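Notes follow once the structure below has been shown.
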Amino acid sequence: MTRKLIITGLVFFVLGILLGAFGAHGLKSMNAPSDQLMSFETGIRYLYYNGIGMLAIAGVREKMDFSLNFNYRMILWGTIIFSFSIFLLVLGNVMDDDLFSFLGPITPIGGILMIVGWFGLLVKYIRIRF
């Protein structure tokens, strides 16, 4: 599990850097409105936040005497659904294409999955007896 956490954290960082560069250069050259750029940056921030979180959990994994599988999946898929639905919505808006408009209601589902994953870890950790 520690290896998965580290790999996921690092992949989120790499994607954050790549997509951040695209947002800063590609979207700006497409004359994306500032509110669209801000939305894109929100998706990037959550990639970074959850990447840092995954690396932090990997660093203290030995203190967690419980399974992280469920929480890991909630955080992983929550981050992917949340961030990438935002990225696709912004791209669709910038290209004046409603192809991805169905993703609007899906974005909060990703947020809920992240909350479930992180809150579940908190509850599990509080219940540990040292």
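Karplus-based coupling profile of segment 57-68, in residue order and whole Hz: 5, 4, x, 10, 3, 5, 8, 10, 8, 7, 6, 9, with θ = phi - 60° in 6.51 cos²θ - 1.76 cosθ + 1.60 and x standing for Gly or Pro.
What do you get for Rg/Rh over the chain if you use C-alpha atoms and the Kirkwood form of Rh? Let's see the in-between values first.
Numbers: Rg = 16.4 Å, Rh = 15.5 Å.
Reported Rg/Rh (Cα atoms, Kirkwood Rh): 1.06.
What's the exposure ranking of Y46, Y125, going from fewest to most Cβ atoms within 10 Å? Spell out each step's value before the answer.
Numbers: Y46 20, Y125 14.
Neighbour counts put them in this order, fewest first: Y125, Y46.
When the chain is described by a simple charge dipole with +1 on each Lys and Arg Cβ and -1 on each Asp and Glu Cβ, the residue from V116, F13, M95 located farthest towards its positive end is V116.
With the simple model of a label 7 Å out from the Cα in the direction of the Cβ, A24 to L10 spans 2.3 nm.
Compute the angle between helix 69-94 and the longest alpha-carbon principal axis of the chain, please, reported from 0 to 90 degrees and rounded to the nearest 10. That helix lies at roughly 10 degrees to the long axis.
Overall, the chain carries a charge dipole of about 840 debye about its Cα centre when +1 sits on the Cβ of Lys and Arg and -1 on the Cβ of Asp and Glu, all other atoms neutral.
Using the Cβ-Cβ distance between I126 and W77 with R0 set to 22 Å, the FRET efficiency works out to roughly 0.40.
So what is the 222 nm mean residue ellipticity for the chain from helices alone, if each DSSP H run of at least 4 adds -39500 (n - 2.57) and you divide by all residues, rounding to the nearest 500 deg cm²/dmol?
After summing the helix terms and dividing by the residues of the chain, the value is -25000 deg cm²/dmol.
A short reminder: the numbers here are calculations on the coordinates, not readings from a lab. Given the structure is predicted, the values throughout are model-derived calculations rather than measurements. Glycine gets a Cβ as well: all are built from the backbone with ideal geometry, and neighbour counts include every protein chain shown.
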